[in-house]
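Here's the structure we're looking at; comments come further down.
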Amino acid sequence: MQMGAPAGRTTAENILPFYAANATREILEGFFAKTVVLVEGPTEALALPLYLEKCGFSNVKEGVAIIAVHGKGNLAKWRRLFLAYSIPTYCIFDNDSEDDKTGEHRRDALRAIGIADASHDKCIKTTDWVVEPERSVFGADFEQALRQHFQGYQGLEAQVRKEGVESKPFVARQVAERMKRDQQDPGWTKLDTLAAALWAKLSGEVPF
């Protein structure tokens, strides 16, 4: 209840069957991780590890599971589960409202993170890419945010698509593989901050 679980509907009798029925193989892998990073979908799950590795953070070596929960509406419930088992959990989502027109899924995720209701509007209306100790929010969708923060992103996207890759997650991963570390791109500053937040999750320290 303290993390926003619906009062009255969450009981000792129904909570375990609910999670057992909804858990995927990806979710179960989180129980073997030192820290879990919850992202909305496979695009982020495939691309982010490559960017983080270029910032000196290997999620595989560090035992960090980056898990796609397949929609904003699933972020809060899985964060609650992992925290119930004392597994540090970090949430990443965007402010694309296509699948969350009222913002309630994002508000639910923010409650699970511990963000006060009074601060929700500021969080879900931001158009910037925000990286904080417990969460990262892309002001637009993932790809649009990267296009804004990496000068060469669109060119690499076009190149990958020209080579016949059409699947959105695989395009994003191919772009991540080819993106060179350039200190002039503001995206690297954001990713360095994200890596610092994840290091802090592992160590239990406050990152910034």
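The values are calculated or read from the model by the stated rules, or taken from the named source; none is laboratory data. Everything quoted here is computed from the prediction, not taken from an experiment. Cβ sites come from the backbone with ideal geometry, for glycine too, and all protein chains shown count toward neighbours.
Is at least one residue of the stretch 40-48 surrounded by fewer than 17 Cβ atoms within 10 Å (Cβ to Cβ) and closer than 21 Å to residue 174 by Cβ? If you could, list the steps in order and put the result at the bottom.
Residues of the stretch 40-48 that are surrounded by fewer than 17 Cβ atoms within 10 Å (Cβ to Cβ), as a first pass: none.
The answer is no; no qualifying residue exists.
Regarding the stretch 158-176, can at least one residue be identified that is touching a strand residue (DSSP E or B) at 6+ places or on another chain (Cβ under 8 Å) and either outside any loop (DSSP other than H, G, I, E, B) or surrounded by 13 or more Cβ atoms within 10 Å (Cβ to Cβ) (or both)? Reasoning before the result, please.
As a first pass, look at the stretch 158-176 and keep what is touching a strand residue (DSSP E or B) at 6+ places or on another chain (Cβ under 8 Å): none.
The answer is no, given that none of the residues of the stretch 158-176 is touching a strand residue (DSSP E or B) at 6+ places or on another chain (Cβ under 8 Å) and either outside any loop (DSSP other than H, G, I, E, B) or surrounded by 13 or more Cβ atoms within 10 Å (Cβ to Cβ) (or both).
Collect the residues in the stretch 123-157 that are outside any helix (DSSP H, G or I), aromatic (Phe, Trp, Tyr) and more than 20 Å from residue 112 (Cβ to Cβ), keeping them in residue-number order. It would help to see each step written out before you state the result.
Step one: filter the stretch 123-157 for residues outside any helix (DSSP H, G or I), giving 126-141, 150-152.
Checking the rest, the ones that are also aromatic (Phe, Trp, Tyr) come to 129, 138, 150.
Within the stretch 123-157, 129, 150 qualify.
Any idea how many residues of the stretch 90-107 are outside any loop (DSSP other than H, G, I, E, B) and buried (at least 18 other Cβ atoms within 10 Å of the Cβ)? Step through it out loud before you land on a result.
Quick first cut of the stretch 90-107, residues outside any loop (DSSP other than H, G, I, E, B) only: 90-94, 104-107.
Going one step further and asking which of them are buried (at least 18 other Cβ atoms within 10 Å of the Cβ), we end up with 90-94, 105-107.
Total meeting the criteria: 8.
Exactly one condition in (1) more than 27 Å from residue 33 (Cα to Cα); (2) in contact (Cβ under 8 Å) with a residue 24 or more places away in the chain; (3) among the hydroxyl-bearing types (Ser, Thr, Tyr) is false for residue 193; which is it?
(1)
What about residue 84, is it of a type in the set (A, V, I, L, M, F, W, C), surrounded by fewer than 17 Cβ atoms within 10 Å (Cβ to Cβ) and over 28 Å from residue 188 (Cβ atoms)?
Details: of a type in the set (A, V, I, L, M, F, W, C): yes; surrounded by fewer than 17 Cβ atoms within 10 Å (Cβ to Cβ): yes; over 28 Å from residue 188 (Cβ atoms): yes.
Yes.
Working only within the stretch 69-113, note down all residues that are touching an Asp or Glu at 6+ places or on another chain (Cβ under 7 Å) and among the aliphatic types (A, V, I, L, M).
69, 76, 92, 113
Can you go through 130, 64 and tell me which one is within 15 Å of the chain's Cα centre (by Cα), within 18 Å of residue 188 (Cα to Cα) and either of a type outside the set (A, V, I, L, M, F, W, C) or modelled with pLDDT of 90 or more (or both)? Even if it seems obvious, please write down each step before you answer.
On the way: 64 fails: within 18 Å of residue 188 (Cα to Cα).
Testing whether each residue is within 15 Å of the chain's Cα centre (by Cα), within 18 Å of residue 188 (Cα to Cα) and either of a type outside the set (A, V, I, L, M, F, W, C) or modelled with pLDDT of 90 or more (or both) leaves just 130.
With the requirement that a residue be out of contact with any strand residue (DSSP E or B) (no Cβ under 6 Å at 6 or more places or on another chain), surrounded by 16 or more Cβ atoms within 10 Å (Cβ to Cβ) and modelled with pLDDT of 65 or more, what does the stretch 1-39 give you?
Listed by number, the list holds a single entry, 27.
Looking at 110, 83, which one is in a helix (DSSP H, G or I), in contact with a strand residue (DSSP E or B) (Cβ under 7 Å, 6 or more places away or on another chain) and closer than 28 Å to residue 25 by Cβ? Please lay out each step first, then the result.
Numbers: 110 fails: in contact with a strand residue (DSSP E or B) (Cβ under 7 Å, 6 or more places away or on another chain).
Exactly one of 110, 83 is in a helix (DSSP H, G or I), in contact with a strand residue (DSSP E or B) (Cβ under 7 Å, 6 or more places away or on another chain) and closer than 28 Å to residue 25 by Cβ, namely 83.
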